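Asks: Sharing a structure with you now.
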Amino acid sequence: MNKTIPYGKQSIDRSDIDAVTEVLQSDFITTGPKVSEFEKSICDFTGAKFAVAVSSGTAALHCAMFAAGIKPGDEVIVTPMTFVASSNAILYCGGTPVFADVLPGSLLIDPAEVEKKITERTKAVVAVDYAGQPCDYGALRGICKKHGLLLISDACHSIGAKYKGGKTGTLADMTAFSFHPVKHITTGEGGMITIDNPDFAARLKMFRGHGISTDYRQREEKGSWFYEMVDLGYNYRITDFQCALGISQLKKLPGWISRRQEIAAKYDAEFKDNPSIIPIRKSPDISHAYHLYVIKLEKADRNQAFTELRNSGIGVNVHYIPVHLHPYYKKTFGTTEGLCPVAEDAFRKIISLPMFPGLKDEELKTVITKIKRLS
Ligand SMILES: Cc1ncc(COP(=O)(O)O)c(C=O)c1O
């Protein structure tokens, strides 16, 4: 039997393996020099002033919520069209998620819906760059400025994307990235927060290490044993060998994004005049990083199509069940169908097609032929 073509997959080569091996043979395998080197590489790549490396994208979002000062009673506006982690991070700090519906073409958070959901308890907005397309940061920044809110970008899908020429990582007050293997670059598990504000950077670093004011290496450098815990933090540290992998992967990111864009252009051209297959709309203001290539099936039954494609070796997926419809959210916050009708309607039709730099042209052709047969 032929192997299934996955919807996403990491690319690891000899240089990645050598980079990890080198660290494993060194003195530091965690909290060593590779962590700050990876942080610096991400600053250089994104143009952000500070970066804090952590153990996952989820940890990055939790750190951002802590630095934003989210507390019980605070409301945070978030899109429902995302992985649960974007919203769960609000809950970890005791905040209440308030779902703002998405735009029907792009499935990105609708700035007009955000504005409607603001109350005197609103503290922040979480914008998710769904599928790799930056949100309308111009509009969102304007709203946040007007109402004194923090803008947090969940760019777990969009490293290397641009909005009006500005790179993700610099478009909001804080930006979270993920380095899970299906993402653009991987560290196995891993994440990063980028920020321009030095006070936030210090709070994020402290939260990453149990709320302790210095880390092990800083104490070694000072020849001191003394430390104090000044806030309640977590162990969200990432290892040096993971960061070595991240540094090695990041060097290849521009080429990988070009390949993702090439694959998307091929899909776009094939589905252009097909009324049964509607790709998610791309704004002319952005450069898309294409973590996912998502289409809406306007005629075919999505669940049946999913089964047919999986049975024929195409590893399609569905991103996402709107967050407010998960049982935990329903029972905890009383959210129901009808809260975000645009996201709910899209959810019934969407399917994610294979999209990763290692996808071969013959595999792409096979995927396209099988998708077209559905309609
Ligand atoms: C939009 C979004 N936010 C957050 C996360 C969480 O990232 P991680 O898996 O690295 O914790 C993911 C991961 O799938 C994601 O897709």
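The values are calculated or read from the model by the stated rules, or taken from the named source; none is laboratory data. Everything numeric here is computed off the predicted structure, so don't read it as measured data. Cβ placement follows ideal geometry from the backbone for every residue including glycine, while neighbour counts extend to all protein chains displayed.
Asks: So which of MET192, MET206 ends up being over 20 Å from VAL23 (Cβ atoms), touching a strand residue (DSSP E or B) at 6+ places or on another chain (Cβ under 8 Å) and of a type outside the set (Ser, Thr, Tyr)?
Replies: Just one listed residue meets the conditions, MET206.
Asks: Kindly indicate whether THR119 is within 30 Å of GLN261 (Cα to Cα), β-branched (Val, Ile, Thr) and modelled with pLDDT of 95 or more.
Replies: For THR119, the condition - within 30 Å of GLN261 (Cα to Cα), β-branched (Val, Ile, Thr) and modelled with pLDDT of 95 or more - is not met.
Asks: Yes or no: region 321-330 includes at least one residue that is over 27 Å from VAL84 (Cβ atoms) and either assigned by TED's automatic domain parsing to the domain that holds LYS183 or modelled with pLDDT of 95 or more (or both).
Replies: No; the residues of region 321-330 include none that is over 27 Å from VAL84 (Cβ atoms) and either assigned by TED's automatic domain parsing to the domain that holds LYS183 or modelled with pLDDT of 95 or more (or both).
Asks: Follow-up question, since we're still on this one. Given the condition more than 19 Å from the chain's Cα centre (by Cα) and of a type in the set (Ser, Thr, Tyr), answer yes or no: does some residue in region 257-269 qualify?
Replies: Checking region 257-269: at least one residue is more than 19 Å from the chain's Cα centre (by Cα) and of a type in the set (Ser, Thr, Tyr).
Asks: If you take the residues in region 308-325 that are in a helix (DSSP H, G or I) and over 14 Å from ARG373 (Cβ atoms), which one is nearest to the ligand (Cβ to nearest atom)?
Replies: Ranking the candidates gives VAL323 first.
Asks: Does ALA64 satisfy being crowded, with 16+ Cβ neighbours inside 10 Å, more than 20 Å from PRO181 (Cα to Cα), at pLDDT 95 or above and touching a helix residue (DSSP H, G or I) at 6+ places or on another chain (Cβ under 6 Å)?
Replies: no
Asks: Which one of these is closer than 18 Å to THR4 by Cα and either buried (at least 16 other Cβ atoms within 10 Å of the Cβ) or in contact with a Pro (Cβ under 7 Å, 6 or more places away or on another chain) (or both): PRO354, PRO322?
Replies: Details: PRO322 fails: closer than 18 Å to THR4 by Cα.
After applying the criteria, what remains is PRO354.
Asks: Determine whether region 84-100 contains at least one residue that is over 29 Å from TYR234 (Cα atoms), modelled with pLDDT of 95 or more and away from the ligand (no atom under 15 Å from the Cβ).
Replies: yes
Asks: Can GLY315 be described as surrounded by fewer than 21 Cβ atoms within 10 Å (Cβ to Cβ), under 19 Å from ARG260 (Cα atoms) and in contact with a Phe, Trp or Tyr (Cβ under 7 Å, 6 or more places away or on another chain)?
Replies: Answer is yes for this residue.
Asks: Given the conditions (1) out of contact with any Pro (no Cβ under 9 Å at 6 or more places or on another chain); (2) within 26 Å of TYR328 (Cα to Cα), which single one is not true for ASP101?
Replies: Unmet for ASP101, out of (1) out of contact with any Pro (no Cβ under 9 Å at 6 or more places or on another chain); (2) within 26 Å of TYR328 (Cα to Cα): (1).
Asks: OK, next. Consider only pairs whose beta carbons are under 6 Å apart and that are at least six residues apart or on different chains; among these, list those whose first residue lies in region 183-204 and is charged (D, E, K, R) and whose second residue is assigned to a helix (DSSP H, G or I).
Replies: Between residues of region 183-204 that are charged (D, E, K, R) and residues that are assigned to a helix (DSSP H, G or I), the close pairs are ARG203/ALA67.
Asks: For region 302-331, give me the residue count where each residue is touching a Lys or Arg at 6+ places or on another chain (Cβ under 9 Å) and of a type in the set (Val, Ile, Thr).
Replies: 3
Asks: Tell me, please, whether a residue that is in the same structural domain as GLY32 (by TED's automatic domain parsing) and away from the ligand (no atom under 15 Å from the Cβ) can be found in region 52-59. Even if it seems obvious, please write down each step before you answer.
Replies: Of region 52-59, the ones in the same structural domain as GLY32 (by TED's automatic domain parsing) are 52-59.
Pick out the ones that are also away from the ligand (no atom under 15 Å from the Cβ) and you get none.
No.
Asks: While we're on this one: Return a yes/no flag: does region 328-337 have any residue that is in contact (Cβ under 8 Å) with a residue 40 or more places away in the chain, under 20 Å from ILE278 (Cβ atoms) and either assigned to a helix (DSSP H, G or I) or within 21 Å of the chain's Cα centre (by Cα) (or both).
Replies: no
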